[in-house]
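Beneath this line is the structure, given in C-alpha cells, with notes to follow.
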Amino acid sequence: MNATVLAVALCLASAVTYAAAAVAQERLARRAVARTARDLVGNGAWWWSAGLNAGAALLHAAALRYGPLTLVQPLGALTLVAAVPLGARGAGRRVAATEWRGTLATVAGLGLLLLPASGPAPDDTLTVAEALTVSGATLAVIALLTARKDPGPGLRHATASGLASAVASALTQTVAVAGGRGGSLLSARVVTVALLVVVFAVGGMLLSQRAYRGGLGAPLAVVNLANPLAAAVIGMALLGERLQGGTLGIVFAAAGALAAGRGVLLLTRTAPGDQAGETRAVPAGHVTA
C-alpha cells in the first residue's frame, strides 16, 4: 500500500478514536465530577477516556511513521468532524444544519490542504538538542497560557493542549522513524525523546480535560487548529518538510485553510444545550468556565 494512503487511513482511525475520547472527557468536565488530578485518577470513566486517548495516540504514531507532519497533523481536524455526531448522539439530539455545513466545509478544506501536503514518507528526525529546545520553548509558552487565574480559561488551555500535542507528534515521529531504520530503541536519543513524548502527550490530555469544562465545540476546534499550525512550523523549520506543487500548492493550501477555518467557525457556533434534544447558539470562540 502507498505510504501516503496508509498514513491517511491511520489518521482517520486515530481521529475517530480521539473524538470518542474527547466526547467522554467533555461529559466528565461538564458534570464537574473530576475537578482535580486526584479526582480524575479515581474516576473509572476518565480511565476509559484515557484508554481511548492512548489507542488514538498509537494510531497517530503509526501514521507519523508513513506520512510527514504537514500531512498527518491537518487530518487531526477530522477529530472535530467525528466528535460532532458522536456528541449529538450521546446528548440524544440531532446534528444541527449549521453543524453539517461546518463539517462539509472542514472536509473540503482538508482535502485542499492534503494536496500540497502529500509529500514523501518522513526521513529527517530531531536531534536531542533540537528536541530539548523545542520542548523547553513549548513549555514556556504553555506556562504563559495557563498562568492566569480567570473565569474563562477554556480557549487558553485548548491552545496549550494543541501545542503540547503538536510537539508530542513531532517527537513521536523522531522515535518512529529512528526505530524504523533498524536503530536501537534503547539509544540515549530515542529514550530521551520517548520520555518527552510521554510528558507532552499526558500534559496535552490533561490540558484538554481542563478546557472542556466550558463545552466541547470551541475548545476542540482550537486544539485542532493550534496542533497542525505548530506541527507545520516544526516540520518546515527542523525536519526539512515542504509543501508540494510550488505556487499552486501554496494557493491550494491557502484555500483549504480558509475553507477549514470557515467550517470550524460554523461548528463552534452551535453547542449542545443543557438538556437532550436542545441546542443553543453561542458566539464563535466563546467558552465559559
Work out, step by step, the length gained on full extension between Ala255 and Ala143: first 0.36 nm times the residue separation, then minus their alpha carbon distance; give nm to one decimal.
37.0 nm
Plugging the Cβ-Cβ distance of Leu12 and Leu195 into 1/(1 + (r/R0)^6) at R0 = 35 Å yields, to the nearest 0.05, a FRET efficiency of 0.75
Enumerate the calculated ³J(HN,Hα) couplings along region 61-68 in order (Karplus 6.51 cos²θ - 1.76 cosθ + 1.60, θ = phi - 60°), each rounded to whole Hz, writing x wherever the residue is Gly or Pro.
4, 5, 4, 5, 6, 10, x, x
At what distance in nm do the modelled label points of Ala129 and Trp47 sit from each other, each positioned 7 Å from its Cα along Cα→Cβ?
4.5 nm
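Tell me the net charge near Gly204. Cut-off is 15 Å between Cβ atoms, Gly204 excluded, with +1 for each Lys or Arg and -1 for each Asp or Glu. Could you put the intermediate results ahead of the total?
Working: positive: Arg156, Arg210; negative: none.
Net local charge, Gly204 excluded: +2.
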Need the full-extension length gain, Arg94 to Ala237, defined as separation in residues times 0.36 nm minus the C-alpha distance. One decimal, nm.
47.2 nm
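Bear in mind that the values in this text are calculations on the coordinates, not laboratory data. In this text the structure is predicted, and so the values were computed from the model without any measurement. With ideal geometry, Cβ positions are generated from the backbone for all residues, glycine too; neighbour counts draw on all protein chains shown.
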